[in-house]
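The values are calculated or read from the model by the stated rules, or taken from the named source; none is laboratory data. Quantities reported herein were computed from a predicted structural model and do not represent experimental measurements. A quick note on method: Cβ atoms are made from the backbone with ideal geometry, for glycine too, and the neighbour counts reach across all protein chains shown. Accessible surface is based on the protein model in full, side chains and every heavy atom, while ligands, DNA and RNA are left aside. Shrake-Rupley method; radii C 1.70, N 1.55, O 1.52, S 1.80 Å.
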Amino acid sequence: MNSEIISEIEHIQSEDFHLGEYIYMGMGLTKGHRVCMAVAYKIDYCIKKAKQFEEMNEEVTFTHINKVKVGELEQSKKILLTNSVN
């Protein structure tokens, strides 16, 4: 896990976290197409479900997580799984 993911996990465990304010979307690639693999209110659950999806389908690669404020159409933050740039 990189520092951004650790920071988000620490945030969801804090008193400042408000369930339902953001959603986390586990994103991947398959055959050159971007796909959403998981959607969750907490980043740790999103990662868990996206990894399960990736394990069940070897044609899909889990690449990053989009953090989206509920009601908005654009991501608030793109969280890479590693410190490398996609």
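Shape call for the chain from the C-alpha gyration tensor, a ≥ b ≥ c root eigenvalues: rounded (a/c under 1.5), prolate (a/b greater than b/c) or oblate?
Values: a/c = 1.76, a/b = 1.58, b/c = 1.12.
Prolate.
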>> Can you compute the helix-only [θ] at 222 nm over the chain? Use -39500 (n - 2.57) per DSSP H run of at least 4 residues, normalise by all residues, nearest 500 deg cm²/dmol.
In response: -8500 deg cm²/dmol
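Treating only the Cβ of Lys, Arg, Asp and Glu as charged (+1, +1, -1, -1), what charge dipole size does the chain show about its Cα centre? Round to the nearest 20 debye. If you can, show how the numbers build up before the last one.
Values: 10 positive and 13 negative charges, 55 e Å.
Here the chain has a charge dipole of around 260 debye.
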> Of 73, 81, 29, which has the most accessible area with a 1.4 Å probe, and how do the rest follow in descending order?
Replying inline: 73, 29, 81
> Cα axis of helix 43-56 to longest principal axis of the chain: angle in degrees, 0 to 90, nearest 10?
Replying inline: 10
